[in-house]
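Q: Before anything else, here's the structure in question.
The values are calculated or read from the model by the stated rules, or taken from the named source; none is laboratory data. Everything quoted here is computed from the prediction, not taken from an experiment. A quick note on method: Cβ atoms are made from the backbone with ideal geometry, for glycine too, and the neighbour counts reach across all protein chains shown. With ligands, DNA and RNA removed, areas are computed over all heavy atoms of the protein, side chains included. Shrake-Rupley method; radii C 1.70, N 1.55, O 1.52, S 1.80 Å.
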Amino acid sequence: MRLDYVHAINILSHKNTEYRFPLGVSKMHIAGENGAGKTSFCVDTPLWALFGTARGATTEQLKGPWGNLMQADIEFAVGSKSYKVTRKRGSS
């Protein structure tokens, strides 16, 4: 699986964060300070979008402090097929 795009709204420390990975996450290094939100963005957001849970956390535990709306949009590829997934919870 190659992760190409992630958009997180009100997920953990991400109020509204999006990034398109030009080479896919599988071919990039992601660096930053401890606690900056790299794992919540690149791991928890796609897991929640696909499965409704992430690293054992419930949706309520993943919700950030910016209201009730949560949304995760991801684009990924498996082999030559591309997929887009959106999961929403709550309202703005």
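Q: Build a GNM of the chain with springs between Cα atoms under 10 Å: which of Phe21, Phe51, Phe76 gets the top mean-square fluctuation?
A: Judging by the Gaussian network model, the answer is Phe51.
Q: Right, something else. Could you calculate the contour length gain from Met1 to Ser80, that is, 0.36 nm times the residue separation minus the distance between their Cα atoms, to one decimal place in nm?
A: 27.4 nm
Q: Determine the per residue accessible area of the chain with all protein chains present and a 1.4 angstrom probe, expressed in square angstrom.
A: Computed with neighbouring chains in place, this is 62 Å² per residue.
Q: For the chain, what relative contact order do you get, as a whole percent, if you take Cα pairs closer than 8 Å and at least 6 residues apart?
A: Across the chain, relative contact order equals 36 percent.
Q: What is the spin-label model distance, in nm, from Ala57 to Tyr19 if the labels are put 7 Å beyond Cα along the C-beta direction?
A: If labels sit at Ala57 and Tyr19, their model points lie 1.6 nm apart.
Q: I've got another one for you. Of the peptides 1-12, 31-42, how do they stack up when ordered by the mean number of other Cβ atoms within 10 Å, highest first?
A: Details: 1-12: 20.5, 31-42: 13.0.
Top of the packing list down: 1-12, 31-42.
Q: Tabulate in residue order the Karplus-calculated ³J(HN,Hα) for the stretch 34-51, using 6.51 cos²θ - 1.76 cosθ + 1.60 with θ = phi - 60°, rounded to whole Hz; enter x for Gly and Pro.
A: 4, x, 6, x, 5, 5, 5, 7, 8, 10, 5, 4, x, 5, 5, 4, 7, 10
Q: Still on this structure, I have one more. I'd like the carbon and sulfur percentage of the solvent accessible area for the chain, probe radius 1.4 Å, heavy atoms only, ligands and nucleic acids excluded.
A: Working: 2930 of 5670 Å².
Ligands and nucleic acids excluded, carbon and sulfur reach 52 percent.
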